[in-house]
Amino acid sequence: MLTAEHLSKTFNKGTINQKTAIKDVSLELHDGDFVTVIGGNGAGKSTLLNLISGLHTRDKGKITIDGMVISKLPEYKRAKYIGRVFQDPMMGTCADMTIEENLAMAFRRGKRRGLHWGISEKERQFFKRQLEMLELGLEDRMSSKVGLLSGGQRQALTLLMATMMYEVTPTESVEKNLIYALNRGHRPLLKRHLSAKQCADLSWHGKRPLSQLLMVKASELDKPDYQALQDLMSELTKPKLLLLDEHTAALDPKTAKKVLELTETLISRHHLTTIMITHNMRDALAYGNRLWMMNNGQLALDIPAEKKKTLQVNDLLGLFEDVVGESLNNDRMLLS
Amino acid sequence: MLDIVKGAVSQGLLWSIMAIGIYITYRILDISDLTSEGSFTLGAATLASLSVAGVHPLLALLMSMVAGGLAGLVTGLMHTKLKIPTLLAGILSMTGIYSVNLRIMGKANVSLNNQETILSLVAKWLGLSRERDAALIVGIFFALVVVVLLYLLLNTEFGYALRATGTNENMIRASGVNTNFTKVAGLVLGNALIALSGGLVCQYNGYADVAMGIGAIVIGLASVIIGEVFFGRSRIFLSLVGVVFGSIIYRIIVALVLRAGFPANDMRLFTAILVAIAISLPQIKANLQSFLASRKEEAE
């Protein structure tokens, strides 16, 4: 799914402020992996995420997503594959624009912006249903500016924006629905019809074969086939990678917990491949199936799923001290 | 008196298109683009030279827009490709355009003489005896078309991306928009409108002068800010209408101040002070409040 080979990054090269943030890091993430990342300040956690998203350009090394080399693409082109939530709630949304406008912009991630309306009525209804799932009452405030929301609400909204995927339009044919999803840009642009080969390439798990259903209106499908179509469309339009950079650190503990729970729900529901940086050891253990510990710009530890399950906070502290070589006195490392 | 107000309103309308150009760069893109000073004159110079050469006034106006758009393109590319800060990129363009304008006109001032203008065409068409009466109609038409088209544009996918580029570049890049493109596009659009306004004002005045763009950005900002006082900032359509009204109100103020015997040469100083005060009003308010609070504390 995601691989990085011999990734390196040095800031301010050739000046007295020179700092090597990432040193020869290689890593691999599998489909559906949810890895939490811990490490002290300046360990290189955020830089690693920023190298993957393209916010910073790497000095050396190669990054691939699904076999595609993305390390040479500019940030805005990688955005097609990557959903992101930042630490600062102000960063992920546009304060001057309304909730629905923000959602509409995120919904077009990876799509060319043309002279179509910025938001359609159909999308508005769709966004409303999506917002209802957050249970924050935002569905009734869709035309208010995002600047009026609290930090927690903004992070929840950003999370939704980073993970939105297409849903089935019941009034359209199966083929139309699929082309709509495919044209999002995750695959080469398609015109009017799906070829037999393109159909065969799709991971269809419905009851009847996809090739026989193309002309059928989605609303006339059997339940299992309808579900299969929805799953396929989600699969085609979901972010291939979700990057969370301490996205709850700026929130109060109660809100942080809510946003984390929402994060977990969205990730498990859609089987999203995720990297989440956290300063909270307990969260690092409670969430995800893998754990990375970073130190001095390197991946010091890569704890696999089986081992992570048995780990306690105290074990993790011990491991951390072993790695860093000194006892833990970093007050930003939260233990509760 | 009525004539003065009518003249001020006509001028306000013709200049309002320049103010809308400033609104695009300054408010939507959050860039202080000094190219405007040059592109306004560039629009006038292009129109004057083409008109004198016998080109149809509408085509000449279109060419003015193209010239202004090119000026914006140069600034945009200097900023995005060569990483020159926007302020400096604008100053470089403005300085360069000054020479270009002299080249286009061949001298510092070109009179349209009695060449056909869009004003004379409309006056003839409507049977008006004075060309300046047509200015009001032409001004309303152009301002209306620009406001409506721009409002529609700002509500498209591209328009959303343009607006987001100005408020949170980081966010919109994370959703896959090339912000270098949106910035350049915004600068092209803004300066095309500014040059269009330059062309219209040139037709109204009957001449193009190499110095006519000096202070344009400040006049544009004054219009934007006056508009915001009356129409607010929160809704796009109202903001755009506000800019047009701001421009008209500014012209009326200028006309009244001049009529009261204020020396015309001091007008730009007056405008600059007006804009400086208007922009710093929130800060002045905050300072005043903290000053009053500390006085109160001392008294207690």
Residues of the stretch A:91-129 satisfying the condition of being within 15 Å of B:Leu154 (Cα to Cα), more than 9 Å from every other protein chain (Cβ to nearest Cβ) and surrounded by fewer than 18 Cβ atoms within 10 Å (Cβ to Cβ): A:Ser120
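For (1) among the small types (Gly, Ala, Ser); (2) more than 14 Å from every other protein chain (Cβ to nearest Cβ); (3) under 19 Å from B:Leu150 (Cβ atoms), each residue gets a yes or a no:
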position	(1), (2), (3)
B:Ile194	no, yes, yes
B:Ala211	yes, yes, no
B:Val218	no, yes, no
B:Ser223	yes, yes, yes
B:Gly227	yes, yes, yes
Those residues of the stretch B:77-92 which are free of Cβ contacts under 8 Å to residues at least 60 places away in the same chain and part of a helix (DSSP H, G or I), in sequence order: B:Met78, B:Thr86, B:Leu87, B:Leu88, B:Ala89, B:Gly90, B:Ile91, B:Leu92
The stretch A:218-253 - residue that is part of a loop (DSSP other than H, G, I, E, B) and either modelled with pLDDT of 95 or more or not hydrophobic (A, V, I, L, M, F, W, C) (or both) and, of those, surrounded by the fewest Cβ atoms within 10 Å (Cβ to Cβ): A:Asp252
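Pick from B:Leu61, B:Leu13, B:Leu29, B:Leu50: which is in contact (Cβ under 8 Å) with a residue 12 or more places away in the chain and closer than 23 Å to B:Arg268 by Cα?
Working: B:Leu61 fails: closer than 23 Å to B:Arg268 by Cα; B:Leu29 fails: closer than 23 Å to B:Arg268 by Cα; B:Leu50 fails: closer than 23 Å to B:Arg268 by Cα.
From the options B:Leu61, B:Leu13, B:Leu29, B:Leu50, the qualifying one is B:Leu13.
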Restricting the stretch A:47-79 to residues that are more than 14 Å from every other protein chain (Cβ to nearest Cβ), closer than 26 Å to A:Asn295 by Cβ and small (Gly, Ala, Ser), the residue that is nearest to the chain's Cα centre (by Cα): A:Ser71
Flag if B:Val74 is modelled with pLDDT of 95 or more, assigned to a helix (DSSP H, G or I), surrounded by fewer than 18 Cβ atoms within 10 Å (Cβ to Cβ) and of a type in the set (Val, Ile, Thr): no
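In the stretch B:254-272, which residues are assigned to a helix (DSSP H, G or I) and surrounded by fewer than 17 Cβ atoms within 10 Å (Cβ to Cβ)?
Residues of the stretch B:254-272 that are assigned to a helix (DSSP H, G or I), as a first pass: B:254-259, B:264-272.
Passing the criteria: B:Leu256, B:Val257, B:Leu258, B:Arg259, B:Ala264, B:Asn265, B:Asp266, B:Met267, B:Arg268, B:Leu269, B:Phe270, B:Ala272.
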Positions within the stretch B:155-188 being more than 7 Å from chain A (Cβ to nearest Cβ), over 24 Å from B:Leu42 (Cβ atoms) and charged (D, E, K, R), in sequence order: B:Glu169
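Taking the conditions exactly as written (at positive phi and touching a helix residue (DSSP H, G or I) at 6+ places or on another chain (Cβ under 8 Å)), does A:Gly40 satisfy them or not?
On the way: at positive phi: no; touching a helix residue (DSSP H, G or I) at 6+ places or on another chain (Cβ under 8 Å): yes.
No: the conditions fail for A:Gly40.
The values are calculated or read from the model by the stated rules, or taken from the named source; none is laboratory data. Predicted, not measured: the structure shown is a model, and the values here were computed from it. Every residue, glycine among them, receives a Cβ derived from its backbone with ideal geometry; neighbour counts consider all protein chains shown.
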